[in-house]
Amino acid sequence: MSSRIIPVQPFDYVVFGATGDLTKRKLIPALFHRFVDGQFDEQSRIIGVSRSKLTDAEFRKTVRDSIEAFVDNAYLDKKAIERFVSICTYVANDVTDEANWGDLDGSLRKDTSIVRAFYLAIAPDLFGPTCEYIKKKGYYRRDARVVIEKPLGHDLASSIAINDEVSRIFKEDQVYRIDHYLGKETVQNLLALRFANILFEPIWNSAHIEHVQITVAESVGAGTRGYYDESGALRDMVQNHIIQLLTLVAMEPPASDGADALRDEKLKVLRSLKPIAGPDVGRCTVRGQYRAGSVDGAAVAGYLDELPKEKQVDGKAVSRTETFVAIKAEIENWRWAGVPFYIRTGKRLPSRASEIVIQFRNIPHSMFDHAEGAPKANRLVIRIQPDEGVKLFLMIKDPGPGGMRLREVPLNLSFAEAFAERTPEAYERLLLDVVRGSQTLFMRRDELEAAWMWVDPIREGWDAATDNPQSYMAGTWGPTAAIALIERDGRTWHEDGI
Ligand code: BG6
């Protein structure tokens, strides 16, 4: 990780939804870290906007509180916090009440060398009215940026509607659609691993790769967020984060790191995904829902027990929402024909662990007739979180006398051990990429829509099915059908070190 800090141009960052959870937990802490590291200073402004009637001083208190709650103690320096809150101001505004619209005139600066960005940390049904507000009040500039994030729709049609609303005011080159997985250091490292080394690219294809696994496991539950019950794991994790990971693994080498060069290649992968529809939905997908169990030695409730009261019918919780998904995906192109991509994600799994496993093919012929142990196929494990790193499993000769004994060992690059610096949070990179005007790590509209096109028939297949998601005990790796999904093909989920 480079510790070189390149300051960004001064900016006015307007955050709609300034008292919401996302702002408190992610945006403020991320901006604070970048400020402390010197990437911007008091020449920039953060302008909080939300419906609550707060004064600047009251908003600054919420900023201070969120830094204290969500930034590691080691970085809490009183002077730095006070310097940071001094650039935060607040405007109360309800975008749905045009007659009483709040004024940003006193907060936004006219100087066009100051970058202007609007972060919509609000529900998507407010994106349209907020963009209208920005335009009608005269805050729009052709070089201004707007940041939006999921849920960007619940299917293709609703996603098109949201994008249409935003694009009525902002052009595509002004729209920054966040998928925070793209801001993770290890996800960007996947690009470096694939395209800054000569080693992998020649063997990164169906001739040498037998299959790929992508796991995003969480030990936390779905919680009491009403949103989750409407969404489920397919929309919450697969449609965005996992599909993004899959495209980065599978895409052709882009000609440059320019936004469109990279996104064009990702889009080609999305368009090559074999549709899973009709009877294939039952064959290629598994959905699960956790019941009570135990995670890390602590007893935890089942998904239905956690559902808020308003979701209950006659005092009984009813929901077919999936908290686990496993899919066997295929990419129909020259590079990947015949190479399955097994993906899975779930809540209340035994641990928080996200990784990509590239399983290479066996060697074509083994010369080790008299050796102890047969050569095993190589495996590359890219660990996204936690314990970020890369492991390449190789065969070696077990050292010492006793003839040729073959043993599999990992060549282990642990980022925590190799690099002393703190790993920045995804939002730190993304928030300032907006200021830099770099869209490379943001989703383009056609990408987002192609992802929905692939996911929608799966959802429709599930909706049409009469069965419920399969139950799995909290603290296990999902329903047994997920294990069967891969074992039917003579393979197993990689759980080594997870
Ligand atoms: C969010 C999902 O997008 O990603 C959450 O809505 C999920 O349900 C979270 O927990 C996972 O993010 P991370 O960065 O903790 O892996």
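The values are calculated or read from the model by the stated rules, or taken from the named source; none is laboratory data. The structure presented is a predicted model; accordingly, all values stated were derived computationally and were not measured. These accessible areas exclude ligands, DNA and RNA; they are computed on the full protein's heavy atoms, side chains included. Shrake-Rupley method; radii C 1.70, N 1.55, O 1.52, S 1.80 Å.
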* Once phi is turned into ³J(HN,Hα) by the Karplus curve 6.51 cos²θ - 1.76 cosθ + 1.60 with θ = phi - 60°, what whole-Hz value does each residue of the range 469-485 show in order, with x for glycine and proline? -> x, 6, 7, 9, 6, 3, x, 10, 8, x, x, 4, 4, 6, 6, 5, 3
* Please list, in chain and number order, the residues 5+ apart from residue 329 or on another chain whose amide H is under 5 Å from its amide H, with Hs placed from the backbone. => 341, 342, 343
* **Extension reserve of the residue 123-residue 409 stretch, reckoned as 0.36 nm per residue once the Cα distance is removed** => 98.1 nm
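Report the full-extension gain for the segment residue 105 to residue 77: residue separation times 0.36 nm, less the Cα-Cα distance, to one decimal in nm. List each step's numbers first, then the result.
Details: separation 28, 0.36 × 28 = 10.08 nm, distance 3.21 nm.
So the extension gain works out to 6.9 nm.
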* Rounded to 5, the percent of DSSP beta bridges in the chain classed as antiparallel -> 55 percent
* To do: Mind jotting down the distance between the C-alpha centroids of the range 98-139 and the range 255-290, whole Å?
  => 34 Å
* Asked: Can you list the aspartates and glutamates whose alpha carbon sits under 15 Å from that of residue 136, skipping same-chain ones fewer than 8 residues off?
  -> 94, 97, 98, 103, 105, 165
* **All lysines inside 26 Å of residue 79 as judged from Cα atoms, apart from same-chain residues fewer than 8 positions distant** => 24, 26, 61
* Asked: Got a number for carbon plus sulfur as a percent of the chain's accessible area, 1.4 Å probe?
  -> 52 percent
* Asked: For the chain, what's the relative contact order in percent, using C-alpha pairs closer than 8 Å and at least 6 residues apart?
  -> 18 percent
* Enumerate lysine pairs in the range 182-487 that are 8 or more residues apart or on different chains, then count those whose Cα atoms are under 24 Å apart. => 16
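Accessible area, 1.4 Å probe, largest first: how do 154, 365, 370 sort? Intermediate results must be reported in sequence, preceding the final value.
Working: 154 100, 365 140, 370 180 Å².
Final ranking, largest accessible area leading: 370, 365, 154.
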* Amide H of residue 378: which non-local residues (sequence gap of 5 or more, or other chain) have their own amide H closer than 5 Å, using H built in the peptide plane? -> 360
* In square angstrom, what is the accessible area per residue of the range 1-65 with a 1.4 angstrom probe? -> 47 Å²
* Using helices alone, what [θ] at 222 nm do you get for the chain, with -39,500 (n - 2.57) per DSSP H run of 4 or more residues, divided over all residues and rounded to the nearest 500? -> -8500 deg cm²/dmol
* Structure fact -> With x for Gly and Pro, the residue-by-residue ³J(HN,Hα) of the range 455-463, computed from phi through the Karplus equation 6.51 cos²θ - 1.76 cosθ + 1.60 at θ = phi - 60° and given in whole Hz, is 7, 4, x, 5, 4, 4, x, 5, 4
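On a full-extension model of 0.36 nm per residue, what is the gain between residue 487 and residue 43, subtracting their alpha-carbon distance, rounded to one decimal in nm?
Values: separation 444, 0.36 × 444 = 159.84 nm, distance 5.80 nm.
This chain segment gains 154.0 nm when fully extended.
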